[in-house]
Amino acid sequence: MAPATAAANSISAVLTFHRERQMAVATLHAVERMRRFAEARGVRVQLVMTLDGGDPETEAAIAGHPALRDGDTLHHVQLSDLSLCRNYAIERADGAFVAILDGDDLFSENWLAAAVECIVEHGPATIAHPRLMIAFGIWNAYWEQLDQTDPRFLPETLVSLNHWNACSVARREVFARCPYVVARVGESGFGFEDWHWNCETIAHGYVHRAVERTFRLERRKAEGSLNLAHQSHAAIVRPSAFFDTL
Amino acid sequence: MYALMRTIYRWGDRALVQRLPEAWRTRAYAVMFRVARRLFPARIAARSAGEFAGGPASRHAVLDRLPAWAHREVEALVALEPLLAPLVGDGTPVERYVIPWDMNYVGHRYALARRQLGHAYACMVFAGGDVAPADAARWAGCGRPLAVIDVDAAPATARLAQEVGADYVALPAGDLDMNDHCAVLARLALQCAPRQLRHYRHPVIDACIARHGLALASVTDVLPWDTAHADC
């Protein structure tokens, strides 16, 4: 259980690992870079990691990483689901804010600090996302994420488009009120847990904002992508109160 | 006809629309896009008014470089991940992918249909093609409240739904392609979560059940209309 109180400027970085192997090394270095940048601005960062299933190489890459510090935690779980891993880690996080990070991605140095700053500036109902998404690996590309307060944002587009990737920062209570829902696509036909979470949070009155001059680097692989698995199974987003408000 | 309309569009765009203030121009493009998709659903590749106005170049990713601030930051990360090098290499183009933020025609069709439906249906029927007059008695025997979604917008189906006091929604393909049509149909059933979903045989309905049947089965009992269990 999370402690009842948390330092006002503390953030728990939730990192989910599966079988990233050496890719986890680069991710943890990038996270450490963000941590130092945030700490220099008075934001304390704690890592709460899950290893779901996993393999010895991934476990060794994480457990032996020089970026780990006292207070960081690695939880070995057998949940076989990204959503459940995030929820598991969030329940064990003690930061006032929670950041959702994937175990094979990288980020701009300022991401965590700028996200916290954005939430402090705009209020506790804010959910922060990086402005730029940059794909690398088998596809080198970038695109912008839209701010929900931008006049160009049309709510009905969420029926066919997911505007925001899972990479987000919000106050911990946002995730407690709107937990991720299981998305084992082959079993349920449902998928795109981040899309569903975006819809649910909007229905609960939260506002998604894109933080200027921040980015997430998204690793594109030929195989093993959860997003591709969802597409190949013709997955559909779970029912959401948001879709009844249009 | 299509060529003539395209000529008129180009002339109108140059002579009139491009001279409007930006807010008016955006609205004008949205109206033109909706009209064009209605008139020529199979000919309009653009997914949004923005793509329609911008032409083919705006639809696909264009070759570009990262913004300068992002370029500098990625350079600092190359030491951690060598696979990032192509993003900042000299002369290496990076695609700037354009998200069609104004692609609202699917959501618009869904929202219009959703507002005509309620909640807590005992039965929902996906209807299409010719509904036989003999079906009237079976529809009358369905649990209440009853909703009928007609993918062909057939007058006979609408009449029959009215006779038996069912909520009726016409959801013809219009400017939706097969994927979008299936997705809207499935979304309506998922949101309404009727106790039972009965479906006629029809290419769109069959495709919807094939793609989303697993998800639908988690919120409702899905049964083809012509099963032995005739009544809802």
Q) Pick from A:Gly137, A:Gly186: which is at positive phi and either open to solvent by 10 Å² or more (accessible area, probe 1.4 Å) or within 8 Å of chain B (Cβ to nearest Cβ) (or both)? A) A:Gly137
(Q) Any residue that is outside any loop (DSSP other than H, G, I, E, B), more than 11 Å from every other protein chain (Cβ to nearest Cβ), of a type in the set (Asp, Glu) and under 14 Å from A:Val207 (Cβ atoms) - is there at least one of those in the stretch A:90-101? (A) no
**Q.** Hits in the stretch B:82-105 (condition: at the interface with chain A (Cβ under 7 Å from one of its Cβ atoms), buried (at least 16 other Cβ atoms within 10 Å of the Cβ) and farther than 30 Å from B:Ala173 by Cβ)
**A.** B:Leu83, B:Leu84, B:Leu87, B:Val94, B:Glu95, B:Arg96
Q: Can you run down the residue pairs with Cβ atoms below 7 Å, 6 or more apart or on separate chains, where the first is in the stretch A:29-47 and among the acidic types (Asp, Glu) and the partner is open to solvent by less than 50 Å² (accessible area, probe 1.4 Å)?
A: A:Glu32/A:Ala67; A:Glu39/A:Val45
Q) Restricting to strands (runs of 3 or more DSSP E) lying wholly in the stretch B:158-232: which have 1 or more residues that are modelled with pLDDT of 95 or more and within 14 Å of chain A (Cβ to nearest Cβ)? A) B:196-199, B:221-224
Q.
If I filter the stretch A:141-148 for residues that are within 17 Å of A:Ala26 (Cβ to Cβ), buried (at least 20 other Cβ atoms within 10 Å of the Cβ) and touching a Pro at 6+ places or on another chain (Cβ under 8 Å), do I get at least one hit?
A. no
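Quick grid of which residues meet (1) away from chain A (no Cβ under 14 Å); (2) modelled with pLDDT of 90 or more; (3) open to solvent by less than 60 Å² (accessible area, probe 1.4 Å); (4) over 24 Å from B:Gln191 (Cα atoms):
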| site | (1), (2), (3), (4) |
| --- | --- |
| B:Ala70 | no, yes, yes, yes |
| B:Ala76 | no, yes, yes, yes |
| B:Leu80 | no, yes, yes, yes |
| B:Gly107 | no, yes, yes, no |
| B:Gly118 | no, yes, yes, no |
| B:Phe126 | yes, yes, yes, no |
| B:Ile149 | yes, yes, yes, no |
Q: Please identify the pairs in which a residue from the stretch B:81-105 that is more than 27 Å from A:Gln148 (Cβ to Cβ) has its Cβ atom under 8 Å from the Cβ atom of a residue that is open to solvent by 30 Å² or more (accessible area, probe 1.4 Å) and part of a loop (DSSP other than H, G, I, E, B), counting only partners at least 6 apart or on another chain.
A: B:Leu84/B:Val78; B:Ala85/B:Val78; B:Pro86/A:Asn140; B:Pro86/B:Thr92; B:Leu87/A:Asn140; B:Val88/B:Val78; B:Thr92/A:Asn140; B:Pro93/B:Arg65
Q.
Restricting to the stretch A:191-213, give me the number of residues that are within 14 Å of chain B (Cβ to nearest Cβ), more than 17 Å from the chain's Cα centre (by Cα) and in contact (Cβ under 8 Å) with a residue 60 or more places away in the chain.
A. 2
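The values are calculated or read from the model by the stated rules, or taken from the named source; none is laboratory data. Remember, it's a predicted structure, so these values are computed and weren't measured experimentally. Neighbour counts are summed over all protein chains in view; Cβ atoms, including those assigned to glycine, are modelled from backbone coordinates with ideal geometry. Surface areas here come from the heavy atoms of the whole protein model, side chains and all, with no ligands, DNA or RNA. Shrake-Rupley method; radii C 1.70, N 1.55, O 1.52, S 1.80 Å.
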